[in-house]
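Novice: Below is a structure I'd like to ask you about.
The values are calculated or read from the model by the stated rules, or taken from the named source; none is laboratory data. Everything numeric here is computed off the predicted structure, so don't read it as measured data. Every residue, glycine as well, gets a Cβ built from its backbone with ideal geometry; the counts of neighbours run over all protein chains shown. Heads up: the accessible areas ignore ligands, DNA and RNA and are worked out on the full protein's heavy atoms, side chains in. Shrake-Rupley method; radii C 1.70, N 1.55, O 1.52, S 1.80 Å.
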Amino acid sequence: MTNPDQFKHVMGITKAAKAKGSNVKVFFTWDATHNAKKEAGFPELCKIADDVSICVDSYKNMGYDIDDIPEGLEAKKMATQAQHGIIIEDYDCYLSL
Amino acid sequence: MKILNIYRSEPDDTTKKLVEIVTRDRDADSFDLNVDAPDYSALVDKIFDADQTICWW
């Protein structure tokens, strides 16, 4: 996720994929890290998806305190682009929104 | 090789041209996210059915 205005699609796709038995991992980077603080559904997404993480450098660059961990996330999910790479390497399908 | 083109907005002439280029001589499908209520279940099926997926702006 790089765009801040695609959250509803992430929720919709995640719910649909989970309903079909898929594993879903979501990574938020750059402007999309606003979703972690401003989208009311973000904590729910963290529960629905198998893994949710955000780029901590992007989060900081968007003006947030890296110690202000968004609801639904654990500190270890404030991650790096390595998480992004893991999705590309380990998952069958990759979608960029 | 089957390509799925996902449109987040109405494709302009540039997008249409790029889609034409990348799908040339390949099977292609599309999905429009820029509607009031996208059928996400159908989208997931299309994603699994495709070899590659491109999200256009």
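Novice: In square angstrom, rounded to the nearest 10, how much accessible surface does A:Leu97 have for a 1.4 Å probe?
Specialist: Roughly 10 Å² of A:Leu97 is accessible to a 1.4 Å probe.
Novice: Can you send over the carbon and sulfur percentage of the accessible area for region A:1-68, probe radius 1.4 Å, protein chains only?
Specialist: 44
Novice: Once you order the gyration tensor axes a ≥ b ≥ c over the Cα atoms, which shape class does chain B get: rounded for a/c under 1.5, otherwise prolate or oblate by comparing a/b with b/c?
Specialist: Verdict is oblate for chain B.
Novice: By average Cβ neighbour count within 10 Å, what is the ranking of B:2-12, A:60-70 from highest down?
Specialist: Those peptides, ordered most packed to least, come out B:2-12, A:60-70.
Novice: Using only Cα atoms and rounding to the nearest 10 degrees, what angle (0 to 90) does helix A:7-19 make with the longest principal axis of chain A?
Specialist: 40
Novice: Let me ask something additional. Enter the accessible area per residue of region B:2-55 (Å², integer; probe 1.4 Å; all protein chains in place).
Specialist: On a per-residue basis, region B:2-55 sits at 59 Å².
Novice: Separate question: Find how many whole Å separate the alpha carbon centroid of region B:1-45 from the alpha carbon centroid of region A:30-97.
Specialist: Distance between centres, Cα-based: 26 Å.
Novice: Put A:Phe28, B:Phe48 in order of accessible area, largest first, 1.4 Å probe: what do you get?
Specialist: Reading off the accessible areas and sorting them downward yields B:Phe48, A:Phe28.
Novice: Along the charge dipole of the protein assembly as shown, pointing to its positive end and built from +1/-1 on Cβ of Lys, Arg, Asp and Glu, which listed residue (B:Tyr7, B:Ile54, A:Thr29) has its Cα farthest out?
Specialist: Working it through, the farthest residue towards the positive pole turns out to be A:Thr29.
Novice: Here is a follow-up. List the residues of region A:9-29 that lose 20 Å² or more of accessible area once all protein chains are present, compared with their chain alone (1.4 Å probe, heavy atoms only, no ligands or nucleic acids).
Specialist: A:His9, A:Gly12, A:Ile13, A:Ala16, A:Lys20, A:Ser22
Novice: Going by alpha carbons, how many degrees (0 to 90, nearest 10) lie between the helix axis of A:81-90 and the longest principal axis of chain A?
Specialist: Approximately 10 degrees, to the nearest 10.
Novice: If you don't mind, there's one more thing I want to ask. What is the interface area between chains A and B, defined as buried accessible area summed over both chains with a 1.4 Å probe, reported in Å² to the nearest 100?
Specialist: Roughly 1200 Å².
Novice: May I ask you to give the percent of accessible area on region B:2-55 that is carbon plus sulfur, with a probe radius of 1.4 Å?
Specialist: C and S fraction of accessible area: 42 percent.
Novice: Right, something else. Compute the distance in nm between two label points, each set 7 Å from the Cα along the Cα-to-Cβ direction, one at A:Asp68 and one at A:Ala40.
Specialist: That separation, rounded to one decimal, is 2.0 nm.
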